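Have a look at the structure below, then the notes.
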Amino acid sequence: MKEKKRFGLIGHPIAHSLSPALFKAGYDGSYQYDLIEESDFERAYARFIKDYDGINVTAPFKEKAYAMADIISEECMAIGAANILIKTPEGIKAHNSDFLGVRKWIQEFFDGDSPGTALIAGTGGAGKAAAAAAASLGLKTTIINRTMDKAVLWAERQGIYEFTVKPVEDFVQEFRRNDIVIYTIPAAIPQIMQLDRREIEDKSGLMEANYRDPVLKGNGKIWLLYQAVTGYELFTGEKPNLTAMSDVI
């Protein structure tokens, strides 16, 4: 009998993660999926090499995961971080399902229409993934960050895509102007208070990376769902049950 493939999530802390429930729902329990909670990346990585076929990687280990890969996907190369590692005959391959999930969501939002504009708030791992995903689809992409110099430095070093960088003080103006707004800053910036609640609720092209404690529309679970769907397909080569996964979250 062929041994069942094993997958998991590494990070710290991750006890709250919905990933095991999402994975079980997506494949009706056909694959094993574990939480591999370690405060030390090297220990977590060793457990992956010993016991698992593929892993999701969460904060604070995404850049370390990128550095361990033998094969780097195009999206990881653009971002400099990986949140998926998969064993292949050629070595460990890195992917970034934050990029792939955001890209899929944007494609469905525009549904074949011409590319528009996007505002990405934050330049951490999630923000870089979102910015690269938007730009890869031809959207005119603006980045804001609480530390503008950090955003400018990353944008200037980006060899694949072009971005406009604006100060965080311009958030409200850019929120109103752009078709897509993706908020990845862990906490609420003061400028959010200048927006009317109705403006936020009516913004259909709004996504937030923080699904546990969202500061805007409370739709962070969209991010979770889309990155999970695209990531699990990479693991198994099979499409998961989207309806069952949606029910979980």
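The values are calculated or read from the model by the stated rules, or taken from the named source; none is laboratory data. This is a predicted model, so every value here is computed, not measured. With ideal geometry, Cβ positions are generated from the backbone for all residues, glycine too; neighbour counts draw on all protein chains shown. SASA here: full protein model, heavy atoms, side chains in, ligands and nucleic acids out. Shrake-Rupley method; radii C 1.70, N 1.55, O 1.52, S 1.80 Å.
Take the residues of the range 159-186 that are more than 18 Å from the chain's Cα centre (by Cα) and polar (S, T, N, Q): which is least open to solvent (accessible area, probe 1.4 Å)?
Asn178
Tell me which residues, restricted to the range 59-77, are surrounded by fewer than 18 Cβ atoms within 10 Å (Cβ to Cβ) and either among the small types (Gly, Ala, Ser) or more than 14 Å from His95 (Cβ to Cβ) (or both).
Matches in the range 59-77: Ala59, Pro60, Glu63, Lys64, Ala67.
Could you tell me whether Ile10 is open to solvent by 10 Å² or more (accessible area, probe 1.4 Å) and over 30 Å from Gln173 (Cβ atoms)?
No; evaluated as a whole, the condition is false for this residue.
Let's see how each residue does on (1) touching a helix residue (DSSP H, G or I) at 6+ places or on another chain (Cβ under 7 Å); (2) among the hydroxyl-bearing types (Ser, Thr, Tyr):
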position: Leu18; (1), (2): yes, no
position: Ser30; (1), (2): no, yes
position: Ile36; (1), (2): yes, no
position: Phe61; (1), (2): yes, no
position: Asp70; (1), (2): no, no
position: Ala82; (1), (2): yes, no
position: Lys93; (1), (2): no, no
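Condition test on Ile189, is it touching a strand residue (DSSP E or B) at 6+ places or on another chain (Cβ under 7 Å) and either free of Cβ contacts under 8 Å to residues at least 60 places away in the same chain or surrounded by 13 or more Cβ atoms within 10 Å (Cβ to Cβ) (or both)?
no
Residues being open to solvent by less than 60 Å² (accessible area, probe 1.4 Å), closer than 15 Å to Ala228 by Cα and part of a helix (DSSP H, G or I): count how many of those fall in the range 13-51.
8
Tell me which of these Leu225 doesn't satisfy, since it passes every other one: (1) of a type in the set (A, V, I, L, M); (2) more than 14 Å from the chain's Cα centre (by Cα); (3) buried (at least 17 other Cβ atoms within 10 Å of the Cβ).
(2)
Please go through the range 105-157 and give me each residue that is surrounded by 15 or more Cβ atoms within 10 Å (Cβ to Cβ), farther than 18 Å from Arg176 by Cβ and among the hydroxyl-bearing types (Ser, Thr, Tyr), ordered by number.
Matches in the range 105-157: Thr123, Ser136.
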